[in-house]
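The values are calculated or read from the model by the stated rules, or taken from the named source; none is laboratory data. Computed from a predicted model, the values in this text were never measured in an experiment. A quick note on method: Cβ atoms are made from the backbone with ideal geometry, for glycine too, and the neighbour counts reach across all protein chains shown.
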Amino acid sequence: MSESNRFDSKTVRSFILYEYLQGKSLEEAFENFRRTVGDDVISLQDFAFWFMQFSSGNMNVEFQIKSEIPEKGEEKEPHPLKIQKLEEPSLEMKSVPLEEIDESIEAPNSDIWSGMGPPVCVEQNKCDEHRCRLCGSFVRGGNGNRRRHARARHSYARHLKCKECDYLDKEKVTMRNHTISVHGRDIPPEDITDDNVIAEWEKIMAKCFPNKIKMSNFAVCKLCDSRLTMPSVNRYQNLKRHVLRVHCPVKQFKCTECDYAERRKEKFKTHSIFTHGRVFPPLDLLDDKMRAEWKETFAKCFPEYADLTYFR
């Protein structure tokens, strides 16, 4: 595998692992990698090889690759790229989309699993609901994939803020490049997502995939008067997310190596890889007291729905 001398192999693979963990397609991940790290660091073929290694469950960035030249008497194994042909237009790689709220708070959305089908639509003209109205891209999978596409490609909302200055961005990779180049070290950004950002995301999603957005009604928070949409599926997800982000500042997952804390477990994995160089589980601070606080605050915000849902 040919990788630029500017970065060692492990660092390059860590970058690729990060792109995979963001739930991007191979093409989106490689394009973002070239834009933020460099277009001469690794070839598309080698990038795709490691991307597919990670998508198959092998997260070891130190994994040693067998020589592609077979020893005498040994059958040559086919390269992964020869096994799975990448079709055009680009579609999302097979992966389990991450929901916007942690699994300890909301049960998995059944719509996610409906997207784990064939990698290519048989007749794309019959899969119009998967086509983005703004750019024409076909995005297969559940609504999680379509939301990520709409935000990454078409949203102008920047929900990540540098803790050292006023720099804003919507991509963690470019934010990391900013902190390293400007401040000399990797500094985790502050997530300043609020109801205005969420509303902008919903508008973009409705423009990109209008057939997939079916909002039944709204709910108004009694503590701050925020108006929140209630989808027909997972109706209370936005309400719970609002309660945790705005009115319950205590974060559930804490790093055992530093003071970093996070509400979502999957986001902590990214922190552990890029800050400490390895994957290790966070300390889960959830207990009966924290769960009772969530429930009590939810009842204050949305009393009409307090008895219709719960925090796991």
Exercise. Is there a residue in the range 144-164 that is under 23 Å from Tyr18 (Cβ atoms), in contact with a helix residue (DSSP H, G or I) (Cβ under 8 Å, 6 or more places away or on another chain), outside the structural domain of Thr11 (by TED's automatic domain parsing) and polar (S, T, N, Q)?
Worked result: yes
For this session: Find the residue count for the range 236-274, including only residues that are part of a loop (DSSP other than H, G, I, E, B) and in contact (Cβ under 8 Å) with a residue 60 or more places away in the chain.
Result: 5
Exercise. Which residues, counting only those in the range 267-312, are in contact with a Ser or Thr (Cβ under 7 Å, 6 or more places away or on another chain) and within 30 Å of Ser226 (Cα to Cα)?
Worked result: Leu286, Arg312
For this session: Quickly run through the range 175-198 and pick out the residues that are modelled with pLDDT under 85 and part of a helix (DSSP H, G or I).
Result: Asp195, Asn196, Val197, Ile198
Problem set entry | Failed condition for Arg133, given (1) crowded, with 17+ Cβ neighbours inside 10 Å; (2) over 24 Å from Phe274 (Cα atoms); (3) of a type in the set (D, E, K, R); (4) touching a residue at least 60 places away in the same chain (Cβ under 8 Å) | (1)
Exercise. Pairs under 9 Å by beta carbon, first residue over 11 Å from Glu200 (Cα atoms) and modelled with pLDDT under 85 in the range 147-158, partner part of a loop (DSSP other than H, G, I, E, B) and among the basic types (Lys, Arg), six or more apart or different chains?
Worked result: Arg148/Lys24; Ala152/Lys24; Ala152/Lys170
For this session: Check the range 291-312 and report whether any residue there is within 23 Å of Glu190 (Cβ to Cβ), among the basic types (Lys, Arg) and part of a loop (DSSP other than H, G, I, E, B).
Result: no
Exercise. Somewhere in the range 276-289, is a residue part of a helix (DSSP H, G or I) and closer than 28 Å to Thr179 by Cβ?
Worked result: yes
